[in-house]
Amino acid sequence: MDAGITFGRAFLPCTLLLLALQVCSGGVIVKVTPSIEVIKGETAILPCTHTITPSSSSPNMVEWFIEEQETRKRVAFRQGGQSKSDDDTPLSNRVTIGEDFTLTITSVKPADELKFFCQVTAGPAGVGEATTELKVFFAPEKPELTRSSSQAVFVDQSSSSEIGKCVTRNGHPQPRIIWFKKDEPLPEVKDRDQKTYMVPSVVKEASGLVSITSTLYSNPTKADKDAVFYCVVEYKMPGGQVKQMKSDPMTINLNYPSESATFTLSNTAPVKEGDTVTMICETDGNPQPDFEFSKEGKSLQGEGGKLIIKSVKRTDAGKYHCTATDFDNIEADLSGEITLTVSYIDPVSVIPAEPQVVMLGDKVEWQCKTKGSAPHTVQWKKGSEVLSQDGTLSIQEVSYEKAGQYMCVGAVPSVPGLESHATVNLTVKGKPVILPPTIGEVSKEGDMVTLMCASYGFPAPQFTWKPAGKESVTVEENKVVSSVTLQATPELMKAGVSCEVANEFGKDQKMVSVALKRAAKNNADRADMQQGGSSSVVIAVVVCVLLLLLLVALFYFLNKKDKLPCGKKGKKDVANGEVNNEIVVEMKTEKANEDSGLLKKRPSTEQ
């Protein structure tokens, strides 16, 4: 094929003449896509269509060429219904020509970014061709930003210093790097006479991809001490896309002289005895100079720019000084002063301090005192209950409930957490007292039941259960609790269980009942209802009997005195109310009429 091309070039006039004849008599028009874009590693499809005049002609051969270093080389052809790729080309074994003369390239490489020619030969109609370009793309890796290899960058130097390097690898086509400082892009400058410039370098990898390194040089000022640098790689992708990837941010280790110093107390809350105090001395320069600490002329040992006092005492209060010397600015006044105030409260003292043991009903009293660096309070507490606010705790009649631990708390309200406290114990001696017991419940007779019996008393009382069972004793604060487990027999459920306690001062006894779980409450309710109903009936009967007796006595008296009319006329007179100086009784209800009839019979009975 190469020999044919050389021969054609040797006889160019003849070729031109033949082409002119073909135009006059017919021709071949070939169409391709001007540009094909593909991602590295994917498959590229290069279509090729043609038109032949006269239409009766058909192509004898379709060939695909590439151009390398201004020289054409065939990579594949199709003839007589058969297609084949040429050997010894960059695309060998990776290209095929379809029946529609489309060229397919698999596993595209960056080196495949070439000009491709589709040539159609159609016998007497002549030869036609068209050119397409293959564009290969591949996104680079995220840019890596590294600081300068030197330890620090100094301000106001005569020449620019290396700030850092930005590297992005394996991209195609060649990407570019943009530097940013404080989120503002830096102009791309390559002139090394400028204060800020970049030095790029490009490496073409064996894969055909491109790696780029850009080194930033600058002559920073003190204003750049907190500046954040980063770089962005900008690259192209198919469809005219322009994308960017950002590196991690970076700050520079910038050295600059100190101009002033600050001396501060890091503790935000008021300092109290026992706290750890940290005082920090620092300058506005970098690196920090050496510091010296002192209190009232006495030198103190610090840790770098920190002075730490652990478990501070009230004697640590006073004025503290910090001094630094920066040899890059020897004339600067680098010193500071702190006045440390330490709040305190003395341990509380309780009188009497020893545990108190008193008899039931006796009186007991304590006094509590303390001192503080500021106005303070003194409270007596038992648990969370405040019992006194004036330092005196007095209990007039000691009961068993009053036994236990009491605490005196001294506090400085203006300093949160500044407290001092002491505790005392009160023991109450006396005859044991049993607390009201709880009824034991069982599902059915014969079940096992556990009964509880709690008692105050000191010395601790001894328990006796009747009938006995499996017993255990526990102490809950200032009371003793005994439990017994036994079988709920019919006799036990009827009579209950006796709990007796005793010590040297006396004894106490209570009965503990046992009942069925459901019946216990129902029986109690029913008993109350029956008792209430029975009482109402009894009261009503008594009232009725009394009224009846009064009526009988009245009529009996009237009858004896002949004051009770019994005849027809008498009835009429009475009914009309015409009897003078006599007692008149009027019956106006049915019940009254019945009573009247009853009374009417009684005189005849007596007669």
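Annotations
- Selection from the stretch 36-67 of residues that are part of a loop (DSSP other than H, G, I, E, B) and either modelled with pLDDT of 95 or more or surrounded by fewer than 19 Cβ atoms within 10 Å (Cβ to Cβ) (or both): Lys40, Gly41, Glu42, Thr43, Pro47, Pro54, Ser55, Ser56, Ser57, Ser58, Asn60
- Looking only at the stretch 381-401, and only at residues there that are in contact with a Leu (Cβ under 8 Å, 6 or more places away or on another chain) and assigned to a loop (DSSP other than H, G, I, E, B), the one that is nearest to Ala422 (Cα to Cα): Val398
- Looking across the stretch 341-351, the residues that are surrounded by fewer than 19 Cβ atoms within 10 Å (Cβ to Cβ) and touching a residue at least 24 places away in the same chain (Cβ under 8 Å) come down to Thr341, Asp346, Pro347, Ser349.
- Within the stretch 383-400, considering residues that are over 16 Å from Lys369 (Cα atoms) and out of contact with any Phe, Trp or Tyr (no Cβ under 8 Å at 6 or more places or on another chain), the one surrounded by the most Cβ atoms within 10 Å (Cβ to Cβ): Val398
- Within the stretch 312-340, restricting attention to residues that are in contact (Cβ under 8 Å) with a residue 24 or more places away in the chain and among the charged types (D, E, K, R), the residue that is farthest from Cys408 (Cα to Cα) is Asp328.
- Candidate set: the stretch 328-340, residues that are touching a strand residue (DSSP E or B) at 6+ places or on another chain (Cβ under 9 Å) and surrounded by 15 or more Cβ atoms within 10 Å (Cβ to Cβ); chosen: the one nearest to Val398 (Cα to Cα): Leu340
- Exactly one residue out of Pro459, Pro437 is at pLDDT below 95, more than 51 Å from the chain's Cα centre (by Cα) and closer than 27 Å to Gly361 by Cα: that is Pro459.
- Top-ranked residue in the stretch 68-118 [being among the polar types (S, T, N, Q), farther than 22 Å from Thr49 by Cα and free of Cβ contacts under 8 Å to residues at least 24 places away in the same chain; ranked as surrounded by the most Cβ atoms within 10 Å (Cβ to Cβ)]: Thr89
- Hits in the stretch 481-491 - residues which are under 25 Å from Gln405 (Cβ atoms) and either modelled with pLDDT under 95 or acidic (Asp, Glu) (or both): none
- Highlighted here are the strands (runs of 3 or more DSSP E) found entirely within the stretch 79-195 that include at least 2 residues which are of a type in the set (S, T, N, Q): 82-85, 115-121, 127-137, 161-171.
- Among the residues of the stretch 247-291, the ones that are more than 30 Å from Gln157 (Cα to Cα) and either in contact with a Pro (Cβ under 6 Å, 6 or more places away or on another chain) or in a strand (DSSP E or B) (or both) come to 8 in all.
The values are calculated or read from the model by the stated rules, or taken from the named source; none is laboratory data. Source: prediction; values computed, not measured. Here the Cβ is made from the backbone with ideal geometry for all residues, glycine too, and neighbour counts use every protein chain on show.
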